[in-house]
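One structure is given below, encoded as structure tokens.
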Amino acid sequence: MAEATHPEVHRHPAPTGFIRKYIFSLDHKVIGIQYILLALSAVVVGMIMSVLMRVNLSWPGTHLKIMETLFPQGAPGGVMTPEFYLSLVTMHGTIMVFFVLTTAPQGGFGNYFLPIQIGADDMAFPVLNMMSFWVTFVGFLVLLLAIFAEGNATVGGWISKLGESFAGGSGTVGPIGGWTGYPPLSALGKIAGPGQGAGVNLWIISIAIFCVGSLLGALNFITTLLNMRTRGMSLMRMPLTCWAWFTTAILALLSFPVLLGGGILLLLDRIAGTSFFIPGGLYVSGSTVPLHNGGSPLLWQHLFWFFGHPEVYIAILPGMGATSHILSTFARKPVFGYRAMVFAIFAIGGLGFFVWGHHMFISGMSPYSAVAFSILTLSIGVPSAIKTFNWLGTLWGAKIRFTTPMLFAIGFVSLFVAGGITGLVLGQTSLDFFFHDTYFVTAHFHLVMGVASIFGMFAATYFWFPKMFGRMMNESLGKFHFWITFLGVYAIFVPFHAMGLLGMPRRYASFGEYEFLKNSHSLVLFVTIAAIITVAVQVVFYFNFFWSMFKGKVAGDNPWEATTLEWTIPSPPPHDNFAGVVPVVYHGAYEFSVPGAPNDFIMQTEPEGVALGAELGGASGNGGNGHKA
Amino acid sequence: MGRLLGIAIWLITIASVWMFLSGKWWFPASISEHGPRVDSQFTITIIVVGIAFTAAQVGLGWVVFKFRDNADKQRATYSHGNNRLEVIWTVVTAVIFISLAIMGQRVWASLHLHSAPPGSYQIEVVAQQFSWNFHYPGKDNVFGKTDPNLIDDSSLNFVGLDDSDPNAKDDSVVSTLAVPVNRPVELILRSKDVTHSFFVPQLRFKQDLVPGMGIHVHFTATKIGKYELACAELCGMNHYKMKSYMLVLPQNEFDELVALPQDKFQTKKDELFNKYQLPTY
């Protein structure tokens, strides 16, 4: 903490020019907002894709004029082809997982609030921070290029000049192999199907670039948290958000390099004639595949899921942190079992590295290792249950203020339980026999890593918006947004379980081929209608977000009567956060309703003598000791 | 708002539980020896999951219903937690979850940790974009040699059967799977091009077919009839219609069929195909 006593070490003057202030900014707050805006843009693309998929599933043959105009080949006469559908599946997954669920929770809110919550004036490496955003942004542009390189004949023509494996213009909006990109389908090039030329190359390059951006970010988060906490900010006094961002950064640091390596190997298989993932003797589209020998398709699956499973926690841990933080604030109660919560975050993160094989029970890997992965997978339910119990404990005996961020945080708990609990079904080898790659799986991961994470981010947005922009978001619009979205996501994803029970395979462009799926029509239609309504209501959120930035009620420094450091400084905070003053921390992060204290909350910076109630912190058990450390 | 939210969470819970209990959407009836054991393991699991889900949601609904802010109320309870409670719920969930995990290995172990029982009938399955090939060894019960270099779809040698091998003379390659009832069957799963997955919902069985690998699996079908076979691993543009059928035949019909040479095998198979009907759904 030497830095904290010499604040000038990390100080840099506020930039004056537009470009250094808003574009290539070194300020973690601006970079955080850039990440959030990137996620807000990417999620629109991802959502439009999901609606197009639902329309195709419920009303096959629908003519959409705009589709014909934009993608004359992939949607001849405005009707989507099966390969176009599959490319939507791939791009929806890729955009949502990487550019929404990994950017907003960590790069966005983490970047903005981690330094402030620990009392630092910026990240440890501001230039690295700026680079991590812009590298990520380039990754997104490359992914968008994949859409047009395959979807548009002219752009496809340009890209094709890069070489044979870059053949584009197949009429899809990208690869058709899903976001998991299993070889050999993804490794063989355009002979394996439309979208598998330029689409896959650009898709791999985009993800590789994304990995680099995430690594830069992860290094920065870890260093900042370990080295730049202000005086008195012991680890056990940190808000749980910081613990979540810290754990997430460790997961990213250890998992993204593996995906990066895997991506490079896959690209080499495609453009340099290597055979990491391509076995010999293949016969594809009427001819033998020459020159490849000895590769293993399973190797990719191991590399991919070694990254892919921790990625689930990268998406959801920040949401857990935000939820704990927001529940405590509006319950006006300390977090129940602070220490248990910290251990649970670490247990989830740690165990998360030993369960990737549950994606591969039926892949052809050793059935013995499947047993080990299965038992480890179900054990991860234990720390997840601990978190749920502690959230309920936090709300027990509370005095709940039902603000919009609180509603979304409660929604997070409900959705996390609903989505997470079916992991107990899917994690069993004997049940995966049936459920693997059915809609039961789609239901599980959408609820838990998709929707629950997004609810965490909505909660965070409504909660921190006043700090970021100095104005409140509109509460009535926020509540309307909550209610329709909360009911809507349940209406979409609960019926997915029923489809899974029928045996409905995921990634099917149509269910009309199979008799065993014919009872699913009403469910499919119900989900489509629910999805369209839920997506439409998000317009209200966007309106509220941008309207409130200029017209919202002016927020004071601490509109929610919260305790942590970000609420001690002006809204929005000055360039160097604490205006050169080094904050000193005397309390844990969640001192609400302390008996005998003048207010029902004690700021972390309030000196000991003033808040006599702090002495009681240690008396009532769990988190108390930590808070006094 | 708290009351409304509490009630909404309860209603969502009731609707979700109803969806599982109504029986309107359930597995298609099982037709394999291990199928009923999968189903009962699922029933046990879904009861445990259902109770945990309901308890958590009802609890969440209750705390938001009960502990809403009202003006006359004193401050919230000041508590940092309770170590005893933490230990209790950690131990209880650990015991339940690990027990489920161990129980959940039994069917898997019985099929996958043992090789096929003696007397199993062997069939080689070769998947390709977007169709299925089933290779029968014929009367001699020995598979003819195959070689990927001999594969030629245009001359209908889909699996690369080597005609110069005497064992290959009586082999048949057809596009529908026929298996005997109540006799263990061992499949050798291969793929020519990309990864596919063998899925017959009624069989409660799914296994990927991976290029470069020959994966041995076994099961016993117990109910005569005709069932749909689907590909469950994304394999390309027509993945959704990579469809075939599995016929489960009485032993005598099966024996008669597999003793036939290729052309008669095909005709007989078509005849049997029309004889049996799909289950009603």
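Computed from the coordinates by the stated procedures, all read-outs in this text should not be read as laboratory data. The model shown is predicted, which means the values in this text are computed figures rather than measured ones. Cβ coordinates were reconstructed from backbone atoms using ideal geometry, including for glycine residues, and neighbour counts include every protein chain displayed.
Tabulated results
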| item | result |
| --- | --- |
| For B:His216, distant residues with modelled amide H under 5 Å away | B:Leu189 |
| Computed log₁₀ I(q)/I(0) - Debye formula, equal Cα scatterers, no solvent, segment A:1-328, q 0.10, 0.11 Å⁻¹ | -0.64, -0.75 |
| Length-normalised contact order for segment B:119-275 - Cα pairs under 8 Å, 6+ apart - percent | 26 |
| Mean Cα-pair separation over length for chain B, i.e. relative contact order, pairs under 8 Å, 6 or more apart, % | 19 |
| Given B:Lys192/B:Lys275; B:Lys145/B:Lys268; B:Lys206/B:Lys275; A:Lys29/B:Lys66; B:Lys139/B:Lys223, the pairs whose alpha carbons are separated by over 29 Å | B:Lys192/B:Lys275; A:Lys29/B:Lys66 |
| Segment A:1-144 pair-distance distribution - Cα-Cα, 10 Å bins, rounded % | 11, 31, 23, 16, 12, 5, 1 |
| Order of A:Thr323, A:Thr388 under a 10 Å beta carbon neighbour criterion, fewest first | A:Thr388, A:Thr323 |
| Dipole of chain B, positive end: most advanced residue of B:Val194, B:Asn82, B:Met103 [Cβ charges, Cα centre] | B:Asn82 |
| Ascending count of other beta-carbon atoms within 10 Å, so fewest first, for A:His309, B:His34 | B:His34, A:His309 |
| Descending Cα extents along the principal axes, segment B:119-275, whole Å | 38, 37, 28 |
| Cross-link partners of A:Lys161 among lysines (Cα-Cα below 30 Å; sequence separation of 8 or more within a chain) | A:Lys190 |
| Chain B - Debye-derived log10 I(q)/I(0), Cα point model, q = 0.07, 0.08, 0.16 Å⁻¹ | -0.41, -0.50, -1.27 |
| Angstrom value of the Kirkwood radius, inverse mean 1/r, which spans all Cα pairs in segment A:200-342 | 17.9 |
| Three principal axis lengths of chain A [C-alpha, angstrom, descending] | 82, 53, 49 |
| Reciprocal mean inverse distance between Cα atoms of segment A:350-552 - Kirkwood radius, Å | 18.9 |
| For segment B:202-208, Karplus couplings with θ = phi - 60° (6.51, -1.76, 1.60), whole Hz, Gly/Pro x | 5, 7, 6, 8, 8, 8, 5 |
| Residue-averaged 222 nm ellipticity for chain B, from DSSP H runs of 4+ at -39500 (n - 2.57), nearest 500 | -12000 deg cm²/dmol |
| Net dipole in debye of the protein assembly as shown [+1 Lys, Arg Cβ; -1 Asp, Glu Cβ; about Cα centre; nearest 20] | 2300 |
| Exposure proxy ranking, count of Cβ atoms within 10 Å, fewest first, for B:Asp140, A:Asp432, B:Asp263, B:Asp39 | B:Asp263, B:Asp140, B:Asp39, A:Asp432 |
| Integer Hz, Karplus 6.51/-1.76/1.60 couplings in order for segment A:411-416, x for Gly and Pro | x, 4, 4, 4, 6, 5 |
| Amide H contacts under 5 Å for B:Tyr245, placed H, 5+ residues apart | B:Leu177, B:Leu229 |
| Long-range HN-HN contacts of B:His34 with modeled amide H, under 5 Å | B:Thr220 |
